[in-house]
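These notes are about the structure you will find just below.
Any read-out appearing in this document is the output of simple, stated calculations on the displayed coordinates, not a laboratory observation. Since we're looking at a predicted model, the values are computed, not measured. Cβ placement follows ideal geometry from the backbone for every residue including glycine, while neighbour counts extend to all protein chains displayed.
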Amino acid sequence: MNANWVVYILRCRDNTFYTGITNNMAQRLLKHNQGDASKYTRSRLPVELLAVSRRLSRAEALRLEIKIKKLPRSKKLAALAAEK
């Protein structure tokens, strides 16, 4: 198992959340803030990193990303608050 992937949550300028996966968090965050990472964040710059998961396999990261994206905003906020 290649556990080099993480799931991350960003807060966009308009206070919406963006969830994604990457195997290089620093580079991915830079790309998001340059407007080169996703159509969604491109029009909502700047973005702020709120949370990063532990290291996972790519398959595990994809499954977790899907789970997070299905959560209502209130559950995401509760999970983020529990992390702090």
Can you tell me which of ALA26, ALA51, ALA37 moves the most in a GNM of the chain? Springs connect C-alpha atoms under 10 Å apart. ALA26
Residue by residue through segment 49-63, what is 3J(HN,Hα) from phi via Karplus (6.51 cos²θ - 1.76 cosθ + 1.60, θ = phi - 60°)? Round to whole Hz and write x for glycine and proline. 6, 9, 7, 9, 6, 5, 5, 9, 6, 4, 4, 5, 4, 4, 5
Computed over the Cα atoms of the chain, what is the convex hull's projected area averaged over all directions, in nm²? 5.3
Between ARG44 and residues 5 or more places away or on another chain, which pairs have amide H atoms under 5 Å apart, with H built 1.01 Å from N, and which residues are they? none
Where Cα atoms sit under 19 Å apart: lysine pairs in the chain separated by 8 or more or lying on different chains: 6
Relative contact order of segment 6-83 (C-alpha contacts under 8 Å, at least 6 apart) in percent is 35
Cut-off under 5 Å, modelled amide H: who pairs with ALA51 long-range: ILE9
Under the helix-only model (-39500 (n - 2.57) for each DSSP H run of 4 or more, divided by the residues of the chain), the mean residue ellipticity at 222 nm, to 500 deg cm²/dmol, is -13000 deg cm²/dmol
Chain lengthening between ARG42 and ALA81 when straightened (0.36 nm per residue, less Cα-Cα): 11.4 nm
How do ASP36, ASP14 rank when sorted from fewest to most other Cβ atoms within 10 Å of their own Cβ? ASP14, ASP36
